[in-house]
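**Student:** One structure, as structure tokens, below. Some questions next.
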Amino acid sequence: MHPFVYERPASLSAAVAVASRSATRHPPTQAPAQFIAGGTNLADYMKLGVARPERLLDLNGLSEPALRRIETDGEGLRLGALVRMGDAAENAEIKRRYPVIAESLQLAASGQLRNMASLAGNILQRTRCEYFRETSWPCNKREPGSGCAAMDGFNRQHAVLGTSENCIATYHGDFAQALIALDATVHVQGHNGRRKILFASLHRLPEDSPHIETDLAPDEIVTAIEVPAGAWTRRSRYLKIRDRQSYAFALASAAVALDLDGETVNEARIALGGVATVPWRARAAEEILRGKVLDEAAAAAAAEAAFAEAQPRRHNAFKIELGKRTLIRGLLETRDMKV
Ligand SMILES: Cc1cc2nc3c(=O)[nH]c(=O)nc-3n(C[C@H](O)[C@H](O)[C@H](O)COP(=O)(O)OP(=O)(O)OC[C@H]3O[C@@H](n4cnc5c(N)ncnc54)[C@H](O)[C@@H]3O)c2cc1C
Ligand code: SF4
């Protein structure tokens with residue numbers, strides 16, 4: 001492992017000050033100083049030689065209580081950045097009022113990982129692309145301009161939506177799909193002060209710079225995630241399809257939230273996981289459903305719209321059919337929920 005200095009700042013402002021001192025024009029994932037929370041993603045990539053920070057800023061010493069709080073009221077849900085995945089997954093209010101969030105977390109990783117991993121770390125987790133993880137392969141995300149071994153390599157796990165000619169890596173997280181479906185926002189604090197980012201704008205498409213993964217500056221710390229209340233949050237669920245039923249990333253998943261009048265759709269919120277390079281909101285599918293009776297035909301039409309722009313590679317064309325079926329099932333199961 002590349003040698004590094006370990007620090008445990010006591011407050012947000014102290015952490016930001018250290019990070020901004022060594023901040024450069026690098027994106028956060030290549031900056032000399034990097035934040036660590038649960039470490040389940042970053043420490044893995046440091047051991048593999050993919051991440052090589054010179055300074056590691058451990059956020060677990062931060063004293064601000066709001067970073068560890070879960071709060072719900074009539075306005076919505078507020079999740080501190082250092083809340084552990086397992087605590088949010090088992091929170092009674094989240095299960096009752098935002099089941100899609102609880103399910104997306106319950107179905108992710110393993111019990112041990114969920115106890116260790118933070119919510120902010122989860123949304124910022126990096127891809128599991130095998131060629132990204134193994135440093136002997138060319139990879140534009142790891143080494144800008146080096147090429148993409150996955151294009152002509154084994155790409156069964158790779159994305160069919162949001163790809164570019166430079167990168168087809170899947171965004172593997174589950175929680176992010178629930179957040180983008182529910183119009184979440186992310187609060188950050190950095191050298192230039194505090195700001196709010198729409199969750200839908202946090203992650204960047206790979207386009208011609210796959211190594212720039214988010215809109216964050218290297219000295220910006222995610223402090224909280226906010227989810228607004230809505231008529232659709234209670235009737236919501238997360239369906240995840242994978243190679244084995246536990247402890248595996250999604251091949252395809254659907255986060256669905258519905259506001260129904262009988263069986264007619266007032267509002268639909270849909271996101272797709274396992275199939276895209278970033279958390280993926282399926283707005284065309286939502287548009288098709290608005291004002292329609294939600295039956296199998298309407299769900300199938302929505303699924304067609306969701307994958308209309310999909311671009312398969314040699315080994316991952318199956319994800320298009322799988323993704324459509326996952327969405328159809330997700331929509332019909334959400335319709336039939338007793339709320
Ligand atoms: C075997 C295995 C299986 C897994 N399966 C799944 C799965 O099925 N579904 C799923 O969604 N995930 C899965 N994961 C990923 C896991 O959920 C993530 O590793 C975890 O959520 C990351 O959180 P962390 O707190 O450990 O992040 P860290 O490793 O501490 O950090 C991750 C990244 O976020 C940055 N960061 C962390 N906190 C902040 C902050 N507050 N502000 C700014 N930057 C920050 C770090 O600098 C780093 O770049 C799996 C992981 C493993 C190892
Ligand atoms: S798909 Fe992206 S992450 Fe994977 S090898 Fe290609 S450039 Fe790297």
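The values are calculated or read from the model by the stated rules, or taken from the named source; none is laboratory data. Only a predicted model underlies this, so the values are computations on that prediction, with no experimental measurement involved. Neighbour counts run over all protein chains shown; Cβ positions are idealised from the backbone, glycine included.
**Student:** What about Gln177, is it buried (at least 18 other Cβ atoms within 10 Å of the Cβ) and not assigned by TED's automatic domain parsing to the domain that holds Ala89? Can you show your working first?
**Tutor:** Values: buried (at least 18 other Cβ atoms within 10 Å of the Cβ): yes; not assigned by TED's automatic domain parsing to the domain that holds Ala89: no.
Here the answer is no, as Gln177 does not meet what is asked.
**Student:** Still on this model: I need the full set of residues from segment 115-150 which are under 21 Å from Leu322 (Cβ atoms) and either small (Gly, Ala, Ser) or more than 12 Å from ligand 1 (Cβ to nearest atom) (or both), in order please.
**Tutor:** Those that are under 21 Å from Leu322 (Cβ atoms) and either small (Gly, Ala, Ser) or more than 12 Å from ligand 1 (Cβ to nearest atom) (or both): Cys129, Glu130, Ala150.
**Student:** Here's a check for you: in segment 125-154, which residue that is closer than 30 Å to Asn91 by Cβ and out of contact with any helix residue (DSSP H, G or I) (no Cβ under 8 Å at 6 or more places or on another chain) is nearest to ligand 2 (Cβ to nearest atom)? Break it down into steps so the answer makes sense when it comes.
**Tutor:** First, pick out the residues of segment 125-154 that are closer than 30 Å to Asn91 by Cβ: 125-128.
Filter once more, keeping what is out of contact with any helix residue (DSSP H, G or I) (no Cβ under 8 Å at 6 or more places or on another chain): 125, 127-128.
Working: Gln125: 13, Thr127: 5, Arg128: 9 Å.
Here the residue is Thr127.
**Student:** Next up: May I ask you to list the residues in segment 18-35 that are of a type outside the set (S, T, N, Q) and in contact (Cβ under 8 Å) with a residue 40 or more places away in the chain? So that I can check it myself, show each step before the final result.
**Tutor:** Step one: filter segment 18-35 for residues of a type outside the set (S, T, N, Q), giving 18-19, 21, 23, 25-28, 31-33, 35.
Within segment 18-35, Ala19, Ala23, His26, Pro27, Pro28, Ala31, Ala33, Phe35 meet the criteria.
**Student:** Follow-up. Quick check on segment 99-120: of everything there that is touching a residue at least 60 places away in the same chain (Cβ under 8 Å) and touching a Gly at 6+ places or on another chain (Cβ under 7 Å), which residue is nearest to ligand 2 (Cβ to nearest atom)?
**Tutor:** Ala117
**Student:** Let me ask something else about it. Would you confirm, using the coordinates I've provided, whether Gly147 is over 22 Å from the mean Cα position of the chain (by Cα), surrounded by fewer than 21 Cβ atoms within 10 Å (Cβ to Cβ) and within 16 Å of His211 (Cα to Cα)? Even if it seems obvious, please write down each step before you answer.
**Tutor:** On the way: over 22 Å from the mean Cα position of the chain (by Cα): yes; surrounded by fewer than 21 Cβ atoms within 10 Å (Cβ to Cβ): yes; within 16 Å of His211 (Cα to Cα): yes.
Here the answer is yes, as Gly147 does meet what is asked.
**Student:** For segment 47-63: of the residues being crowded, with 16+ Cβ neighbours inside 10 Å and in contact with a strand residue (DSSP E or B) (Cβ under 8 Å, 6 or more places away or on another chain), which is farthest from Ala31 (Cα to Cα)?
**Tutor:** By that ranking, first place goes to Leu59.
**Student:** Any residue in segment 121-144 that is touching a residue at least 24 places away in the same chain (Cβ under 8 Å) and more than 23 Å from Ala217 (Cβ to Cβ) sitting within a Cβ distance under 9 Å of a residue that is away from ligand 1 (no atom under 16 Å from the Cβ) and among the charged types (D, E, K, R)? List the pairs, counting only those 6 or more apart or interchain.
**Tutor:** Taking only residues 6 or more apart or on different chains, the pairs are Thr135/Glu143.
**Student:** Sort out which residues of segment 245-287 are assigned to a loop (DSSP other than H, G, I, E, B) and hydroxyl-bearing (Ser, Thr, Tyr), and write them in order of number.
**Tutor:** If the condition is that a residue be assigned to a loop (DSSP other than H, G, I, E, B) and hydroxyl-bearing (Ser, Thr, Tyr), then Ser246, Tyr247, Thr277 are the ones that fit.
**Student:** The conditions are (1) buried (at least 24 other Cβ atoms within 10 Å of the Cβ); (2) more than 17 Å from Ala169 (Cβ to Cβ); (3) not assigned by TED's automatic domain parsing to the domain that holds Arg78, and Ile241 fails exactly one of them. Which is it?
**Tutor:** The single condition Ile241 does not satisfy is (1).
**Student:** Of all the helices (runs of 4 or more DSSP H) wholly in segment 45-159, which have at least 1 residues that are closer than 26 Å to Tyr6 by Cβ?
**Tutor:** 85-89, 111-116, 119-123, 130-133
**Student:** Tell me the residue from Arg195, Arg204 that is more than 19 Å from Glu64 (Cβ to Cβ), surrounded by fewer than 24 Cβ atoms within 10 Å (Cβ to Cβ) and among the basic types (Lys, Arg), please.
**Tutor:** Arg204
**Student:** Same structure, new question: Can you find even one residue in segment 163-170 that is surrounded by 24 or more Cβ atoms within 10 Å (Cβ to Cβ), under 20 Å from the mean Cα position of the chain (by Cα), assigned to a loop (DSSP other than H, G, I, E, B) and within 13 Å of ligand 1 (Cβ to nearest atom)?
**Tutor:** Yes, the conditions are met somewhere in segment 163-170.
**Student:** Does Asp219 satisfy the criteria of being part of a loop (DSSP other than H, G, I, E, B), more than 14 Å from Val278 (Cα to Cα) and within 12 Å of ligand 2 (Cβ to nearest atom)?
**Tutor:** Numbers: part of a loop (DSSP other than H, G, I, E, B): yes; more than 14 Å from Val278 (Cα to Cα): yes; within 12 Å of ligand 2 (Cβ to nearest atom): no.
Considered against the rule, which asks whether it is part of a loop (DSSP other than H, G, I, E, B), more than 14 Å from Val278 (Cα to Cα) and within 12 Å of ligand 2 (Cβ to nearest atom), Asp219 comes out as no.
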